[in-house]
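Structure record follows, encoded as structure tokens.
The values are calculated or read from the model by the stated rules, or taken from the named source; none is laboratory data. None of the values given here were measured: they were computed from a predicted structure. In this analysis, Cβ positions are derived from the backbone assuming ideal geometry, glycine residues included, and neighbour counts consider all displayed protein chains. Quick note on the areas: whole protein, heavy atoms, side chains included, nothing else; ligands and nucleic acids left out. Shrake-Rupley method; radii C 1.70, N 1.55, O 1.52, S 1.80 Å.
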Number of protein chains: 4
Amino acid sequence: MAVRAAVAGASGYAGGEVLRLLLAHPGIEIGALTGNTNAGERLGALQPHLLPLADRVLAPTTPETLAGHDVVFLALPHGQSAAVAEQLGPDVLVVDMGADFRLKDAADWERFYGSAHAGTWPYGLPELPGARAALEGSKRIAVPGCYPTAVTLALFPAYAAALAEPEAVVVAASGTSGAGKAPKAHLLGSEVMGSMAPYGVGGGHRHTPEMMQNLAAAAGEPVTVSFTPTLAPMPRGILATCSAKARPGVTAEAVRAAYTKAFADEPFVHLLPEGRWPATASVYGSNAVQVQVAYDEAAGRIIAISAIDNLTKGTAGGALQSMNIALGLDETTGLSTIGVAP
Amino acid sequence: MAVRAAVAGASGYAGGEVLRLLLAHPGIEIGALTGNTNAGERLGALQPHLLPLADRVLAPTTPETLAGHDVVFLALPHGQSAAVAEQLGPDVLVVDMGADFRLKDAADWERFYGSAHAGTWPYGLPELPGARAALEGSKRIAVPGCYPTAVTLALFPAYAAALAEPEAVVVAASGTSGAGKAPKAHLLGSEVMGSMAPYGVGGGHRHTPEMMQNLAAAAGEPVTVSFTPTLAPMPRGILATCSAKARPGVTAEAVRAAYTKAFADEPFVHLLPEGRWPATASVYGSNAVQVQVAYDEAAGRIIAISAIDNLTKGTAGGALQSMNIALGLDETTGLSTIGVAP
Amino acid sequence: MAVRAAVAGASGYAGGEVLRLLLAHPGIEIGALTGNTNAGERLGALQPHLLPLADRVLAPTTPETLAGHDVVFLALPHGQSAAVAEQLGPDVLVVDMGADFRLKDAADWERFYGSAHAGTWPYGLPELPGARAALEGSKRIAVPGCYPTAVTLALFPAYAAALAEPEAVVVAASGTSGAGKAPKAHLLGSEVMGSMAPYGVGGGHRHTPEMMQNLAAAAGEPVTVSFTPTLAPMPRGILATCSAKARPGVTAEAVRAAYTKAFADEPFVHLLPEGRWPATASVYGSNAVQVQVAYDEAAGRIIAISAIDNLTKGTAGGALQSMNIALGLDETTGLSTIGVAP
Amino acid sequence: MAVRAAVAGASGYAGGEVLRLLLAHPGIEIGALTGNTNAGERLGALQPHLLPLADRVLAPTTPETLAGHDVVFLALPHGQSAAVAEQLGPDVLVVDMGADFRLKDAADWERFYGSAHAGTWPYGLPELPGARAALEGSKRIAVPGCYPTAVTLALFPAYAAALAEPEAVVVAASGTSGAGKAPKAHLLGSEVMGSMAPYGVGGGHRHTPEMMQNLAAAAGEPVTVSFTPTLAPMPRGILATCSAKARPGVTAEAVRAAYTKAFADEPFVHLLPEGRWPATASVYGSNAVQVQVAYDEAAGRIIAISAIDNLTKGTAGGALQSMNIALGLDETTGLSTIGVAP
């Protein structure tokens, strides 16, 4: 019998991507689609690429419309997920694609989000040690942020193998869909095409503490992250260029061995052959992660680079991957490692 | 038992797209992949988005490497398909994504291609009247050109219903992948980003006679086509803006009725609700066709616009759709109407 | 003594482009810069590319702030220019980059804009026969729309030489800056990158009557225009693909001769050598117009294609060109025919 | 009397940009334009944006064609400049936009370029301490690489003020024109649009020793640079995100003061007001540099980010700026700080 899934926030980019993937998932029946200001509109006008759902009408996001589903995906502004989850009850699988339940440290949450900490749910990055066990059978999933997904996968093997000093430097370029669908002047096509621009420089981006949390868990000690996100002239994709000083005695072989081991059995993470480097185009629309690592002997640094699709592996694909685990399905069900290129 | 398919020309854009779609086709086993100058290389280096095939090595395009398959896709420069098909024999389904067997008129072929006409194969545009019958059980398929696919689907209902004068005007914008993967200076990213540019103006584009052939068949009389292709700064997609003078007495209602009827049962062609217009982003990576039509009373013209993905419905998706028919499979097997957007 | 110029609407794209060009104009001193919701902000935050004006503060758009200038450029929403011009008095040169004073026919205005007709000012397309004489010494200039600039320059020679039937078909692709800086969801970078999409199809675009007015003046008879604008994934540029049926007896030589003659002495319009076609990248940031024309004998049509920068020749450059004429300066002062490419 | 300038390598991107800027330089007369495989072709076909030079024909690059000029710009593959300069004699100002004379250390040259070191010429980055004095009256100029221009300007103030530890980490995104005009498959528009991709990772990029040379001079001690260049989907622009650990006791105020002082009198470098960050779009086509700096207290790092146009300030604009100094002209002659945006 099919699992019945609802999507709260179906008019935005995260919601649209969840629907795109759910349509291709063999075990899911798509139930309620809800919105806020768009309630009452047809999905065909809001998400014209989702042809099979063109005639579906958005319901308002209420306990009534979301009731009666096995899984509910939340693509809501942060701060709203706790209340919705409570109304849904403990037997419904709630997959939160927002930030509310990612951070363990309440002080971090309050400093970066300026509101009370809602709690912590099992973290939906299955590739991390121990993550799958926590997700199995869980009724709550906190989907990681897009940048933390890319950065954590690029760097955790180096920390887990004690190869890197606990001070990481990350510069990541994201496609504009990461900034959402709400119209803002600096996100207009006229502004972003032909331009690379940083934002949230100097440690202010809200994804920073999430990266530090993940890398500290891998390292067994605190890890600082100097994180600079940049907006790139493309709709999708994150390229995360990450580095850290190598610990004394580290060799290129040891680095490669650590990454080979970390991803040996991972269905979605592809450590590229030596000499080839990730490109966001290669993972466009797919749940795949491309990773490559190098040891720059002259600079004494390990350079690890990952490419993901911010909406797929970075949001909705990661959400379905974790949902599969929580539901006891094969983890790869309905998810592809094939990019749409060129 | 799975159908075994080979792809000749697997390193280019058409070949890569066939493989992307074949990987998602439940009834196909991917056999030989062949190339010319790239023979001996791993597919991972040539098509890094096709992760499941990364370790496959390209064989040379020879009768031996292509032997032993049920279906062979040809993504070869024009002029080479006839010889390969002959070597494969009459029992192998040969799907030619090149131009060799599209035109019925030998004089047209010779004028536009400058070589001897190879013949005509059943034409792989199932939406045309009579096309499915010709494809069923066929062992040869001529996949339409990308522009003719977009233009024919936009205009044939108007001609089939005798609503339009036999002089069509078409301006189409194509993504750069339509120009292929061979490196040329005018196709460099530096040249195409930020630029719209026409080419083949004045009737010289080789897809012109193919459009005329299709529209004449629908109209029952010769139809001239003034065709101007333009290169747009995007990797994929064709937007075809087509128009023709309305015959006397035509009404907006009659136009809409003709299009509604033409596409009523088509699984891949979506006539948009009135007031909405196609966008190439909505069909990115999918086999869907978005069509809209309007009657401009002041100018006395029918305006029909279609959007397709030039590599999917315009090439490889159209090829698989026709293959499905030829093999007796459900026509939609392995093909999606869901675009990757934004 | 320098001419003192004010810009009303300095925070938008048209206003910013006027300022970019005025900064390079040797005879102009930049006076008041005004805005509406942005009054009080520094220009550096609104137009970060205009470094020399970074510390200038926007004043509100009032008669007082605009007083005391020799020239006032209006980059305002339509419907507001008449009142501002009246307040400025008859001795100030008012250059309206909006639509208010372009159309001669009050009925056309009312049908397309839904308000009362404000009147008609000398039309700022100097390349049209008689236009320069009307601009010389004028204190009012109606700057043409961006699409009518591109389309009129592409087609008027054919009509002035009586070569074309009075039914033109135009499909034009515009960069997104033509849609302005007000944030709207469909203009987000995520939506426009990778997509070609039409709008205003079927005769509804407000630039249509302006094109018809210009071509009718050249033809000496009414000319219908079937106009389809499309949004292209680039910030700037218009490529206008225009065609009309050739009158009986027309030859390719006659067509070329008409265009050669029409643009022989034009400083900004460049009729390309035969065999080369316009590209918007070539006129990026410049006041140049690239034009090419062909006679498609098989279809019996004249195909004329032009490329402009919609913000430069299509708006602010055209405005300065006409201002130069009105002020008795050399028409090319401060304007360039050199594009920024690649 | 005008200075007469020749450009060797006029068909490529660097040569084209030199010509674009020379056309706007009031004291220069453009003499010979030379090419290699393109000799004999008209510039209009090769650089269609340079309308005033459309009818100029490329000469072969020989001592004869380059003779008789006051200034010769070399836009040649590396390794060719020494021989050409010798033939031109000591009285001609030779401005080398290639790499041949940038590095002081012969061993560095040999390791990164694999050939014999040609020597060192005065280095054309006037903003560096002492650079202007070396350029005044010089007959030889080594124009810096595009990445070293962006990175050096972002970081040298921190090193000159002894604020940063001598281990810099740089991730820079470049537009595709930095990779040149020679057609290569990975530079096709189809490949680069929608994709961010690193290259030369791990210390291998040839611009690395040049950055280290510049920063070491500022620091008075060796500085290592971990440099990762990435290719961004845009034609022009470099965004360099640079960081280094702050020395003990460093404060945000001290960092800002160092940058304010370093650029106080610089005509082309604009230290942005606090809270605003560079964007490549803002310097498109201009010689301006936007810089911003922050002190990330949590990570203990100074983050300095610069944006330049790789072809203008990063190549041809920097070349003209240094030429102006060498010729005794005002340094800003013919150069603009106004970007073409949006």
### Query
Which of the lysines could a cross-linker span from D:Lys245 if the Cα-Cα distance has to be under 25 Å and same-chain partners fewer than 8 positions apart are dropped?
A:Lys245, D:Lys261
### Task
Provide the per-residue ³J(HN,Hα) series for region C:285-297, in order, calculated from phi with Karplus coefficients 6.51, -1.76, 1.60 and θ = phi - 60°, each as a whole number of Hz, with x at glycine and proline positions.
x, 10, 8, 6, 10, 9, 10, 9, 9, 9, 10, 8, 5
### Task
Could you point to the residue in D:Thr241, D:Val223, D:Leu187 farthest towards the positive end of region D:147-308's charge dipole, with +1 and -1 charges on the Cβ of Lys/Arg and Asp/Glu respectively?
D:Leu187
### Task
At q = 0.21, 0.23 Å⁻¹, what is the base-10 log of I(q)/I(0) for region A:219-274 according to the Debye formula with one equal point scatterer per Cα and no solvent? Please give it to two decimals.
-1.16, -1.20
### Task
Please determine, in degrees from 0 to 90 and to the nearest 10, the orientation of helix A:13-23 with respect to the longest principal axis defined by the Cα atoms of chain A, where the helix direction is its Cα long axis.
80 degrees
## Note on the structure
Computed on Cα atoms, the radius of gyration and Dmax of region B:147-308 in angstrom are 15.8, 51
#### Entry: Over region C:32-113: Kirkwood hydrodynamic radius from C-alpha pairwise inverse distances, Å
14.2 Å
### Message
Heavy atoms of the protein only, probe of 1.4 Å, neighbouring chains included. What is the accessible area of D:Thr149 in Å², nearest 10?
### Response
0 Å²
### Query
What residues have an amide H closer than 5 Å to that of D:Val269, excluding those fewer than 5 places away on the same chain, when H is modeled at 1.01 Å from N in the peptide plane?
D:Val289
### Query
How far is D:Glu297 from itself in the other copies, in nm, if each label sits 7 Å out from Cα along the Cα-Cβ line, shortest first?
4.1, 6.9, 8.0
### Query
How many partner chain Cβ atoms sit within 10 Å of a residue's Cβ in peptide A:286-296, on average, as a whole number?
3
### Message
Under a crude label model (7 Å from the Cα following the beta-carbon direction), how far is D:Ala257 from D:Asp330 in nanometres?
### Response
3.4 nm
### Query
Of C:Ala219, C:Ala118, C:Ala179, which has the largest mean-square fluctuation in a 10 Å C-alpha GNM of chain C?
C:Ala179
### For a label point 7 Å along the Cα-to-beta-carbon line of D:Glu41, residues of region D:64-108 with backbone N under 17 Å
D:75-77
### Query
At a probe size of 1.4 Å, how large is the accessible area of C:Lys139, to the nearest 10 Å²?
90 Å²
### Query
Between copies, how close do the B:Ala67 label points come, placed 7 Å along Cα→Cβ, listed in nm from shortest?
6.8, 6.9, 9.6
## Note on the structure
With x for Gly and Pro, the residue-by-residue ³J(HN,Hα) of region D:173-188, computed from phi through the Karplus equation 6.51 cos²θ - 1.76 cosθ + 1.60 at θ = phi - 60° and given in whole Hz, is 10, 10, x, 6, 5, x, 8, x, 9, 5, x, 9, 4, 6, 9, 4
### Task
Per DSSP H run of n ≥ 4, the term is -39500 (n - 2.57); total these for chain D, divide by its residue number, and report the mean residue ellipticity at 222 nm rounded to 500 deg cm²/dmol.
-7500 deg cm²/dmol
### Query
Taking every residue in C:55-68, how many Cβ atoms of other protein chains lie within 10 Å of its Cβ, on average?
0
### Task
Summarise the partner chain shielding of D:265-271 as one whole number: the mean count of Cβ atoms from other chains within 10 Å of each residue's Cβ.
1
#### Entry: Ascending list, in nanometres, of distances separating the B:Ala82 label from those of the other copies (7 Å, Cα toward Cβ)
5.8, 7.0, 7.6
### Message
Cut-off under 27 Å on the C-alpha distance; same-chain residues fewer than 8 positions from B:Lys181 excluded. Which lysines are left, in chain and number order?
### Response
B:Lys313, D:Lys181, D:Lys184
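Rounded to the nearest 0.05, what FRET efficiency is calculated for D:Glu221 and D:Ala83 with R0 set to 45 Å and r the Cβ-Cβ distance? List each step's numbers first, then the result.
Values: r = 36 Å, r/R0 = 0.80.
Rounded to the nearest 0.05, the efficiency is 0.80.
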### Query
Long-range amide H contacts for D:Thr61: which residues qualify at under 5 Å (H placed 1.01 Å from N, peptide plane, sequence gap of 5 or more or a different chain)?
D:Gly35
### Task
Give a residue-ordered list of calculated ³J(HN,Hα) values for region C:86-95 (Karplus: 6.51 cos²θ - 1.76 cosθ + 1.60, θ = phi - 60°; whole Hz; x for Gly, Pro).
4, 5, 6, x, x, 9, 8, 6, 9, 10
### Query
Once Rh for chain B is found with the Kirkwood sum over Cα pairs, what is the Stokes-Einstein diffusion coefficient at 25 °C and 0.890 mPa s, in µm²/s?
121 µm²/s
### Task
Could you work out how far helix C:252-263 tilts from the main Cα principal axis of chain C, as a 0 to 90 degree angle to the nearest 10?
20 degrees
## Note on the structure
So the angle from the long Cα axis of helix D:146-160 to the longest Cα principal axis of chain D, reported in degrees to the nearest 10, equals 40 degrees
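Enumerate by residue number the GluC sites (Glu not before Pro) in region C:8-55 meeting two conditions: DSSP loop (anything except H, G, I, E, B), and at most 15 other Cβ atoms within 10 Å of the site's Cβ.
Those that pass, being in a loop and sparsely packed, are C:Glu41.
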### At most 11 other Cβ within 10 Å, DSSP loop - GluC sites (Glu not before Pro), region D:254-335
D:Glu274
### Message
How large is the translational diffusion coefficient of region B:257-323 in µm² per second when you combine the Kirkwood radius over alpha carbon pairs with Stokes-Einstein at 37 °C and 0.692 mPa s?
### Response
258 µm²/s
### Message
Can you tell me the length gained on complete extension of the stretch D:Tyr199 to D:Asp105, counting 0.36 nm per residue apart and subtracting the Cα distance?
### Response
31.4 nm
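Heavy atoms only, 1.4 Å probe, whole protein assembly: order A:Leu231, C:Leu19 by accessible area, highest first.
The residues order as A:Leu231, C:Leu19, largest area first.
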### Query
In whole Å, what three semi-axes, largest first, describe the equivalent ellipsoid of region C:130-205 built from its Cα gyration tensor (square root of 5 times each eigenvalue)?
30, 20, 9
### Message
How long are the semi-axes of the equivalent ellipsoid of the protein assembly as shown, taking √(5λ) for every eigenvalue λ of the Cα gyration tensor, in whole Å from largest down?
### Response
43, 43, 32
